[in-house]
Structures are given as structure tokens and as C-alpha cells.
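The values are calculated or read from the model by the stated rules, or taken from the named source; none is laboratory data. In this text the structure is predicted, and so the values were computed from the model without any measurement. In this analysis, Cβ positions are derived from the backbone assuming ideal geometry, glycine residues included, and neighbour counts consider all displayed protein chains. The area values use the complete protein model at the heavy-atom level, side chains included, leaving out ligands, DNA and RNA. Shrake-Rupley method; radii C 1.70, N 1.55, O 1.52, S 1.80 Å.
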Amino acid sequence: MADERKRLLRFLAAGSVDDGKSTLIGRLLYDSGGVYEDQLASVQQASEKKGRSLDFSLITDGLKAEREQSITIDVAYRYFATQRRKFIVADVPGHAHYTRNMVTGASTADVAVILIDVRKGVLEQTRRHTYIAWLLGIRRIIVAVNKMDIVGFAQSGFTKVCDDYRHLTAALDQLETHFIPLCALTGENVASRSDRMPWYEGPSLLDAIETISVEGTQAFTGFRFVVQSVIHPHQDYRGYAGRVVAGMAKRNMEVIAIPSQQRTRISHLSLYTQELDQVQASQSVVLTTDEHLALGRGDMLASPDNLPVATKHVTANLIWMARTPLRLHAPYLVKHATQSLSGTVSRLLHKIDIGTFENIPSETLLVNEIGLVQLETHKLMLCDRYSQNRTTGSFILIDPDDNDTVAAGLIVETTLQPSDCEAAQVDKVVTRHQGLTVWLTGLSGAGKSTIAQGVCTELLVRGMRVQVLDADALRKDLNRDLGFSKEDRDENIRRIGFVADLLTRQGVIVLVAAISPYRAARESVRQKIGDFIEVHVNAPLPICEERDPKGLYKKARAGMIPNFTGIDAPYEEPLAPDILLNTHRQTLKSSVNAVLEMILSRMEQS
Amino acid sequence: MEGPALKTTPLDHLDALEAESIYILREVAAEFCRPALLYSIGKDSSVLLRLVQKAFYPAKPPLPLLHIDTTYKFTEMISFRDRLSRELGMKLIVHTNQEAINDGANPFKLGTTQCCALLKTKALLDALKENGIDAAIGGARRDEEKSRSKERVFSVRNSMGQWQPENQRPELWSLYNLRVKHGQSMRVFPLSNWTELDVWEYIQRENIPVVPLYFAAERNMLVRGDSLIPFEHAIDLLPGERPQKVMCRMRSLGCTYCTGAIRSTACTVEEIIEELKLFRRSERENRVIDHDQESSMELKKLEGYF
Ligand SMILES: Nc1nc2c(ncn2[C@@H]2O[C@H](COP(=O)(O)OP(=O)(O)O)[C@@H](O)[C@H]2O)c(=O)[nH]1
């Protein structure tokens, strides 16, 4: 039976009108035995009516309106299986008008297959599809260069498409691309290697999707279990029914209930009559705990060393899907994991021109437009960044009047606001303590934000008052007028220092994550604040560049960000930091603990 | 970076499908007042029933079963249904469009389209209304028929139970918008992403009981052209026609008149799976109802049938 264990691969298939997508999918289904004879007969019949020989595209065009207009207007899902994998294909419409359908298909896909007509090359549509796939978290794209028969199976056309496409994706970080020249119509390089293109040495499309890796496309965020309901059949049993959306858990593992912050251990993991020793991401199970928890639908369980952020303010990319435009400050319903909240969009920072990937100012978002917004919710949202986890990092907006789904949201920043700290601590006695600024300096990608968030949750759990100031987030807000010249960088640090100082004097522990490359600027902030810990978050440049969690190095190398620290701007290391963390040699946990211990010992001294 | 990471292998396809379906079922139970499971006694319903048990275990599933009985079902189906609901201790609601039956509705008199409209679609809509059901969970799969490939997991229906394909809500990630307005209702399809083969593999893995009609046996059949029609419910014979014993099985179950059988020797779940892997004909082929017109299933869905 071992070889019977098949994996599931969900992939997105996109292309411009007439690139041959329906034909390609019809062909894949046909060649893998996914089309039954009687279906084929009805396709044959319809093909003849149109005066064509077997038209594979008819296999996939589902709705009557589509068959009549020969266009694909909605996402359709197709299924086929080979010996190795079962495939779910999200077949999405090509036209710009249907961007929202494309987004829908991409939201659950692991891989994208993007069709390009070798004669037309990279089009506006290709950009759009690629960008949306990337935005939705797809990190592996197979470019199917179609209609090779028309150019006589010559390599030159294929090479040009590959070059153009690589140029297009240079700015999209962590994207892995594969190129396959094929002919959907005759099946060359679709289900098996073609001998018409001896210059191509790679796999056929079917081979590629059978073997492409689907692991590791999501940055690790620790254990997350979202509670759907409480199962309480009798006095002595209280189980939490829900789904593991990240990481894994074992019996006896320590967990924290969010937002109540209670700690306990998992006593049983089960599904139906089966007891499980461990569970992993995407499993639906029932979990019981040693202690009775205040935990219900919408709440979460997480591992203590890595908690989600509980916040009422997030910055998110919003993909607008409704015909009525976005209304700022209007009430919307927010569905996030199993939480239902109400919220408003308080600001539209910019919208994204998908044609150029540029940010442009805008008053609102119209259907199919994408923009960066700030969302405020009335209750705490328990979330991560979308780049860390697709489930805890995403939400939808619902119009309360007509119940339509109006937008998809992808969380970009989860910085805590002062009011969140209060809210997170409602059940806690907030201890009075002195203020302190912990200043994390280091190269981009060294680990400043991650460590700051880790320390923040540890302090919150201890009932302390804490605020993260993340320079990247502030550059979208307080410091959005600043660039990266020496003067602007000094001004950036001066302003952050000013805010940190105010908060410190109010008895808050301020965690600053800022590259802050200039020694003199850091020194003047330290002088001003006094209660100050300098942490050098250190990792060698090649390692930071390889991690590139925000894709900034890639952009800098492509010349899109001038004066980037480490590349073409200096970084002056601290000469005597209070703490030195070498994040390439130590674990995140040990880094967080080192900072935490120093903070706690300072608190004791005072 | 998290110390010695615990190694996990990705879930296999059945585990992944199961987890998704259970998640969907729990969402329904959490957010609707009166959900019901449309239980058709077929293999998909049997899988759905097991998933419902799993989703809420050790509690009893918090929803009743609803069966739309056209009175033309196989007797084996009815006894199977009654035994199962008794064993599981779940409430069973059976609804029949008695008025139409009294008027003598049958597919020969009315044609399959009209017969289904009365005995299935109308009966279903009436049953939902009478019992105040706001979410009806069904076992339909997207791979069954081409208009179903665009169906959502959560499908909003207007007050007439009708599907509006050009006006569907986008369904992103596993974030389902479960809100309906007064008068609207929800159809839910937790098996959307399953294929026929997945269903049988799951039946095998979980040891789920199914109606014996799925297994090959010598049965009394009428052979009409390529079709095998069960000799039940006093079907009218054509001139010169006589029932004969044929080794066959049902691939999908509906009313006796409209469910053709296939010639087969597959007597166990294992054999059915083997047969399916070789089989090149679709499951609904021998169902008369989809073939009336090229888009007939789509038209039925527009009217409020599943
Ligand atoms: N091994 C290890 N990895 C870390 C540590 N801290 C952060 N990282 C990882 O390094 C990457 C960059 O982190 P990030 O906080 O985004 O960097 P920033 O630009 O300096 O804020 C992320 O993938 C982190 O998970 C650490 O202490 N040890």
C-alpha cells in the first residue's frame, strides 16, 4: 500500500485569451485518462458542430454561456490523478476583468502554470497573472511556452520568452521559475517528452507537476490551532474542535490559549475513535487540555515560543472584488480564520499598478484593484503576516448590507498599537514598571523584527507594557516622506528616537527594530533616552541576502532601491553593544531569551 | 531555526480531503441555526455521513438527516437507510411530494425532466421550507458533471432555491462567507474536491457500509439497447421484452427507472476500485436525467435541484 499514498497538488492554470489554456488542460486530462469516453463523445459531437476535429478546449469549458461565447468566465476546478499525485486544477479566466476570479484560484494553489503564446511573448496579462500568483504566496511558477509548432519548434523564440519573463520577475523575491516549450494542440511535451525539440532537455509538463516540490513555501510560524467549536457532550468532556493551520503538536506539549494567555498542556489529540500522537498543519482534529481553558470559537492555541500577534490594527494588501468601490471608514464584516469581527478601512496608503508593479496614490479601490490599506477591527485579530502563514495572515471583507464578499486581504504588517496592548492585557494585572528602550540594530534580514516580536509576546505574557517600533512599518506611516540618503536616515532615527523616548518616560518597554546604520545617530538617541539597551543583531551579509525575507536585497541588486545598507550604503557596527546576537549561529529562541533576560534583570535593578 | 525540527511527512490525498471536509462541516454547524444533511443513501452520502460523525465525535452530530423519497427508490436503499439512522441515533426526516405521486407522476408519463422537477426539486424545496432548514449539506462533487465544476463549496440560493452562476461569491482560501439574507438559503458541498475514485478509496480505508446494489450480482434486468434497467416498481414492458438475469452493479443510485446498471463482476470495494482505474466511462453516463439536453444539469441547478 505504500505506493498508494498519493500527495495532493493544487495548481493554478492561467493564460491570456487564446493562449491555449483550455486546450492544454483538456489535453492533460485526456492524456492522464481523466476524460471518460462518453464525455469525449459529447465533445466530439460538439466539435463537429463547429466544424473542427477534436477540440480539447470543449472538455473544460463548463457553463453554457461560456460554450456559447468561447470564453472562460469563472474559476472552474478540474481533477485528475496519476500514479504519483492527485491534482486539483484551478482553471482561471485570463481577462483583466476577472482578476478577482484569478485571485480566488490562486488563494489555494501551491504552484502556478502560466501560459505564454510563443509568438505573442510576455504580455500585460502575463505580468498580471505572475504578480497575483506571487502576491497570493505562490513561489513556484511553471511557464508553459505554447504553440511551439507555429515557430517550427525553434529554440530562439522560446529563449526570448524565457529571457523576457526572467526580466519581468527579477523584482519578485523567492520566486522559482521553470520553463517548458510545448504544443498543447498536438501534445508535444505535455504528457511526455517530445522529439520535435531535441534542444530542450527538461521534463514534460506532466513530469514537472508530478515532481515539483510543494514544501517549504511558507515561512515557519510555530504551532497554530484555530478553534471552530467546543465539543461538550457531557460534564466530564471538553474538547476543542478545530484545525491545525501551522506547525505541529504532540501530546503533552505546552500551549498558550490566545487571547486569554492561559498556559496548559495538550492531554489528548484525536479524530473520531483514533488517538493521535502528533498532528500537523492542515489536519482537523479534536484536542483536550490539562486545564480548563477560556477558549471558544475564533480563539487560537499556539506554542509559547512563537505566538501570533493579537492586534486591532493591521496593514494589508486588499484585493477589491465588488462592483461598489471601497468606502473608507464604512463598517465591514471581517472574517479571519474562524473569527468574525467588524472593522473599517481607516486609510488607503496607495494602490498598485499591476502593469508596472508601481505604487500610485488613490482615493479608493475599484473592482479588481489592489491596494495597501490600514484595517481597524473592534476586537483583537489573532494573526501573522501573510508571508508567514496563509491562514492566519488572510481575511475577507463582507458588506454587511448585502452579505457579498467584497475584498480579500493579505496582512503585511501586524505591528501592535498602544491600544492593542491594553486590550491584550484586559484580563491581566498590568504591573507598573520603569520604561526602557531596547534598540535592535543590524542589516536587513538579520532578524530584528522577528526577535522584537518574540520578545514582545514574552513581555505581554508577563503582563508588561510593551510597544514595538518597526522602522519598516513606520516608513509607511510616520516616516513615509523619508528616503534613504544619509540625511533622511538620520531624520528617520531621530523621529523613532523621539517616540521611543516619550514612551520610555511613560513606563513602556519599547522595542525598536531599525537598521540604523550610523553609529553617531544611535549614540545620540542613547544619550537622549538614557534607559537604553543596544542589541546588535548580527548575521553576515551573504546570509541576510539569502534569507531576504522582504525581498529587498533582490530589488536592491536589480537597482530598484539605491543606497541599500550592505549593498551600496555603509553599515557601522556597534563597537560595544550591550548584547550581540549572531543569528546565523544561534536559534531564534536563544536570541529572544538573551534579550528578555537582560530586560528582566534591568527591571529588577530598579 | 527552531532547534531540532520535528519531521513530518505531508498528508496523503485522502487525509487532506478529509481534513478539508471536516473543517467545512464544523463551520456549517457553528454558523447556521438549522442545518441538515441531505442523505440520498448513495455512496457519497455514506462518506458524508461518516465525515459528519468524525467532525463532532464524541458528541452526536448536531443535525438531522433529510431524505427526499421519490417512492421509486430501490427497496434495498430504503431498508439500508432505516437501519443506519437507527444505529447512529440520528434524526431522520423523510419527505415525499405526495400530491404528485397521487397524481401518478412517473418518468414515463411526464418525461424525466418534469418528473425530477416534481419529485426531487419541488419536494426538496418544500422540505427545506417546512423544516426551516437554513443550510442543506449535499454530497455533490465537482468532478461529476461540467456545470458542477464551477459550483462553490458554499452556494447561496435565492428564495426559490435557485443557483445563480454568474453571480457567485468568490471563495478564497478556506475563508467561507456563510452569511445569508432572510429568504435565502445555503447549499453546502463538503465533497466538492473529491473524485469518484477518492470516494471509493475512502470507503475502503474507513470500512464504510454502502448499499449492496453497488456490488455486482445476478439481477433481474431489462436490456434496452446499451442500457440495463432494473426490473422493479412494475415498469412497463416493451413488446416482446422479458427480464433476464444479468451480472451487473449500479455505479450511481437514483430512482429505479432512471438508474441504469453496468455489466460488472466487481463484488468488493477493492474490485470496484480496480475497475474504476481501468474504466473510461463517466459515472453519470447511465443516468438518464443528464442527457435530456446538452446542458440539462445546469438547467436543473438553475431551477433549484442540486
Ligand atoms: N537561526 C536564526 N534565524 C533567525 C534569528 N532571528 C531571525 N531569524 C530569521 O532571519 C530572517 C530575517 O528576519 P527578520 O526579522 O525579518 O529580519 P530584519 O530585516 O532584520 O527585521 C527570518 O527568516 C527569521 O526567522 C535567529 O536568532 N536565529
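Distance between the 7 Å Cα→Cβ label points at A:VAL461 and A:ALA46: 5.7 nm. Relative to the current alpha-carbon distance between A:ARG196 and A:ALA170, full extension at 0.36 nm per residue lengthens the span by 6.3 nm.
In order along the range A:319-327, the Karplus-derived 3J(HN,Hα) couplings, from 6.51 cos²θ - 1.76 cosθ + 1.60 at θ = phi - 60°, round to 9, 7, 10, 9, 6, 7, x, 4, 10 Hz, and Gly and Pro are given as x. With the helix formula -39500 (n - 2.57) applied to DSSP H stretches of n ≥ 4, chain A reaches a computed 222 nm mean residue ellipticity of -8000 deg cm²/dmol. Please work out the Cα center distance from the range B:166-236 to the range A:530-582, rounded to the nearest Å. Value for the Cα centre distance between the two parts: 57 Å.
Accessible area per residue (1.4 Å probe, heavy atoms of protein chains only) ranks A:MET248, A:MET598 as A:MET598, A:MET248, with the largest value leading. Chain A against chain B buries an accessible area of about 6800 Å², both chains summed, 1.4 Å probe radius. Under the convention that each Lys and Arg Cβ holds +1 and each Asp and Glu Cβ holds -1, the size of the dipole of the range A:252-400 around its Cα centre is about 420 debye.
Across the alpha-carbon atoms of the protein assembly as shown, the computed radius of gyration and Dmax are 29.8, 107 angstrom. Heavy-atom accessible surface of chain A, averaged per residue, reaches 40 Å², computed with a 1.4 Å probe. With a threshold of 23 Å on the Cα-Cα distance, the over-threshold entries among A:LYS351/B:LYS181; A:LYS250/A:LYS335; A:LYS250/A:LYS589; B:LYS73/B:LYS122; B:LYS43/B:LYS73 are A:LYS351/B:LYS181; A:LYS250/A:LYS335.
Compared with the alpha-carbon gap, the fully stretched path from A:ASP277 to A:ASN582 is longer by 106.3 nm at 0.36 nm per residue. Take the Cα of B:PHE108, step 7 Å toward its Cβ, do the same at B:ARG205, and the gap between the two points is 4.5 nm.
Listed by chain and number, the lysines whose C-alpha is less than 30 Å from the C-alpha of A:LYS160, apart from same-chain residues fewer than 8 away, are A:LYS21, A:LYS120, A:LYS147, A:LYS550, A:LYS554, A:LYS555.
If R₀ is 41 angstrom, what is the calculated FRET efficiency for the pair A:VAL499 and A:LYS160, using the beta carbon separation as r and rounding to 0.05? According to the calculation, E is roughly 0.20.
Take the Cβ atoms of B:MET247 and A:PHE357, set R0 to 56 Å, and the FRET efficiency comes out at 0.30. Residues of the range A:84-109 that lose at least 20 Å² of accessible area (1.4 Å probe, protein heavy atoms only) when the other protein chains are present, relative to their chain alone, are A:LYS86, A:ARG100, A:THR104, A:SER107, A:THR108. With a Förster radius of 51 Å applied to the C-beta separation of A:THR288 and B:GLU130, the computed FRET efficiency comes to 0.85. With all protein chains kept in place, the per residue accessible area of the range B:1-127 amounts to 39 square angstrom at a probe of 1.4 angstrom. Phi-derived couplings, Karplus 6.51 cos²θ - 1.76 cosθ + 1.60 at θ = phi - 60°, listed residue by residue for the range B:18-26: 4, 4, 5, 5, 5, 4, 5, 4, 5 Hz, with x used for Gly and Pro.
Scalar couplings 3J(HN,Hα) for the range A:170-186, obtained by applying the Karplus form with A = 6.51, B = -1.76, C = 1.60 to θ = phi - 60°, are 4, 8, 9, 6, 6, 9, 9, 10, 10, 10, 10, x, 8, 9, 5, 4, 9 Hz; x denotes Gly and Pro. Among A:THR264, B:THR113, B:THR9, the order of accessible area from largest down is B:THR9, B:THR113, A:THR264, computed with a 1.4 Å probe on protein heavy atoms. Taking each residue as 0.36 nm, the span from A:ARG557 to A:GLU254 lengthens on full extension beyond its C-alpha to C-alpha distance by 104.8 nm. For chain A, the carbon plus sulfur part of the accessible surface works out to 49%, probe radius 1.4 Å.
The accessible-area loss of the range B:104-147 on complex formation, taken against its chain alone with a 1.4 Å probe, reaches 20 Å² or more at B:ARG142, B:ASP143, B:LYS146.
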